[in-house]
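These notes concern the structure reproduced below.
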Amino acid sequence: MICMDHGSWKEIIQGIVSPEALPLGVPALLYVIQNNLLFVALGNLTVPVYQVSNQGKLLTTAFFSRCMLNKTISTMQCVSLLVLALGVALVQLSGMEQKGGDSDEDSTTSSSQDQNQWLGLLAVFCSCCTSGAAGGYFEKILK
C-alpha cells in the first residue's frame, strides 16, 4: 500500500536514509540503548531507588549541554545540581544500608533475591549518560 502511494521500495529507503536524516540516527540509537538499560535497571533496583537514581539524567544533560553546546550554568543551577546529586547519593546509601540490614532475615520473594543492585546502578548511570548525550547532540543538530 505504501509502495503504491510513494513509489518503489528503493525510493522509500532513499527517503529514510537521506543525508538530512542520518544525523538523527545517533540520538535515536542512544535512546534505544537507554530504554534497554532502563529495563535492566528496573529488574535490579527497587522502585524508589530507581526513581531517584534516574534523576541523574538532569546532571548528565547539564554536563553534556555544557560540553557540546558551551552553555553557561549559573551559580543557582550549580547549587541545585549539587543538591540533586547529594539527594541521589543519600538514597543510594540508604538503599544499601537497608539491603545490608535485611541479610539476617529470610526473604521469601524471588524478585529481591534476583536483584543485583550494582548492576542496576550501573545500568541507570549508563542510561543517564546516553540520555544526556542524546539530548545534547540533538539540540546541537537543531541549532
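Once both labels are positioned 7 Å from their Cα atoms along Cα-to-Cβ, the gap between LEU84 and VAL32 label points is 2.8 nm. Each peptide in 24-34, 70-80 gets a packing score, the mean of other Cβ atoms within 10 Å over its residues, and the list from highest to lowest is 24-34, 70-80. For the stretch 17-98, the fraction of alpha-carbon pairs lying more than 17 Å apart is 61 percent, rounded to a whole number.
Laboratory data are not the source of any read-out in this text; all were calculated from the coordinates shown. These numbers come from a predicted model, not from an experiment. When we count neighbours, we look across all protein chains shown, and the Cβ atoms used for this are built from the backbone with ideal geometry, even at glycine.
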